[in-house]
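Enquirer: One structure, as structure tokens, below. Some questions next.
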Amino acid sequence: MSAVIQTTKLSKVYESAWGGQDVHALKELDLTVLPGEIFAYLGPNGSGKTTTIKMLLGLIFPSSGEIEILGSKDISSSKVKRNIGYLPEGAYYPDFLRGEEILRYYGKLYGLRGADLERRIDQVIETVGMTHARSRLLRGYSKGMRQRIGLAQALISDPQILILDEPTTGLDPIARKEIRDILAHLRDNGKTLLISSHELLEVELISNRVGILYQGVLQAFGDMDSLLTNRDISINVSNPPAAALAILEEKGIRKEDEAGGSAKLRVPEGMSVYDALELCKSQSIQLVSVAPRRETLEELFVRTVGAAEAKEKVAQ
Ligand SMILES: Nc1ncnc2c1ncn2[C@@H]1O[C@H](COP(=O)(O)OP(=O)(O)OP(=O)(O)O)[C@@H](O)[C@H]1O
Ligand SMILES: [Mg+2]
């Protein structure tokens, strides 16, 4: 499958104007985004996500390395430009305009005119669920409504690729879910999405693949399913006596959390589930359920960034 976005050894150094230290914001990034996927581009603050995105959009230039988008190395060509929709981090639009006016403005920038433009505005407003508020002033929009208009703006040229920098930041849980559903719907209709976000729970629910950046270096990259490798087994028990838990703990079975009289025990790596259940039985602990537990994206993130930090400390 040929990549929609491909970077090869992409690097960016922000040079200091005042004799201070240069910032190596991105170091030899090899990134592949495949057609029809949601790619989650993650990393702590200042790790280089927005820098990468700005280079993909041609807003800033690489210090070295290459970018190929839709098979073209000329990313300033109109074919590439009209096929990328972009929602900037904390997108700002003038308050005195109406939702549909913003879309009209952006549509014209893409060369749309007349009936084609109006049809397209109708379509994108419908996609983001803003038909009811399309002629209201932005001043009266909630954060979620602004974000939807931002998304509609990114969709106006019917691009193949959507690049969204923190699309759900600051939204309430319902608005987040709605935006998430829209993004999944766009993916299911053949769009390719690159999403940068700190909302790992959101991202985990919709992404196919993930890249985790730390200090400009890609630390983990691949399929969500194959990266979330640490799978283990939880045993849920009811009202376990403290003494029994202490004995289990000696054998390596840790209590993970406890609430409302039940507790979750984690079977350590290398111990068979049968042995763990035997131990529970020997302590007359009442079982509720036994369930596999997959690592969460948040755990993968913390593990990956933690390991990168530790490596850096050793190197210093
Ligand atoms: N115009 C600039 N001039 C100098 N340094 C910059 C510039 N823009 C970004 N940087 C630096 O580059 C590094 C990467 O910043 P970037 O904005 O790409 O991070 P990010 O991953 O998007 O972070 P966040 O999650 O906070 O949005 C940071 O150290 C930042 O201070
Ligand atoms: Mg950023």
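Enquirer: For the stretch 233-293, rounded, prolate or oblate, judged on the Cα gyration tensor with a ≥ b ≥ c (square roots of eigenvalues), a/c < 1.5 rounded, else prolate if a/b > b/c?
Expert: rounded
Enquirer: Show me, for the stretch 4-16, the HN-Hα J-couplings you get by feeding each phi into the Karplus relation (A = 6.51, B = -1.76, C = 1.60, θ = phi - 60°), rounded to Hz, glycine and proline as x.
Expert: 7, 10, 9, 10, 10, 6, 6, 10, 9, 10, 8, 7, 7
Enquirer: Still on this model: What's the local net charge at residue 86, with K and R +1, D and E -1, over the other residues with C-beta under 11 Å away?
Expert: Result for the local shell: 0.
Enquirer: What does the extension gain come out to for residue 3 and residue 126, with contour length at 0.36 nm per residue minus their alpha carbon separation?
Expert: That works out to 41.3 nm of additional length.
Enquirer: To continue, here is another question. Can you give the calculated 222 nm mean residue ellipticity of the chain, where each DSSP H run of n ≥ 4 adds -39,500 (n - 2.57) and the sum is split over every residue, rounded to the nearest 500 deg cm²/dmol?
Expert: About -11000 deg cm²/dmol.
Enquirer: Among the DSSP beta bridges whose two residues both lie in the chain, what percent are antiparallel, rounded to the nearest 5?
Expert: Antiparallel bridges: around 70 percent, rounded to the nearest 5.
Enquirer: Same structure again: Using the Cα gyration tensor of the stretch 84-134, with a ≥ b ≥ c the square roots of its eigenvalues, what is the shape: rounded (a/c below 1.5), prolate (a/b larger than b/c) or oblate (neither)?
Expert: In terms of gyration-tensor shape, rounded.
Enquirer: If you don't mind, another one. If you take the square roots of the eigenvalues of the alpha-carbon gyration tensor of the stretch 69-207 and sort them as a ≥ b ≥ c, do you get rounded (a/c under 1.5), prolate (a/b over b/c) or oblate?
Expert: Cα axes put the stretch 69-207 in the oblate bin.
Enquirer: Near the amide H of residue 170, under 5 Å away, which other amide H atoms are found, from residues 5 or more places off or on another chain, if H is placed in the peptide plane?
Expert: For residue 170, no residues qualify.
Enquirer: Quick one: which of 79/177; 9/313; 27/108; 9/177; 177/255; 9/54 span more than 27 angstrom between C-alpha atoms?
Expert: 79/177; 27/108; 9/177; 177/255
Enquirer: Using only alpha carbon pairs under 8 Å that are at least six residues apart, calculate the relative contact order of the chain and give it in whole percent.
Expert: Contact order relative to length: 19 percent.
FYI, it's all coordinate maths here, none of it is from the lab. All values reported here derive from a predicted model rather than from experimental measurement. Here Cβ is always computed from backbone atoms with ideal geometry, including for glycine, and neighbour counts include all displayed protein chains.
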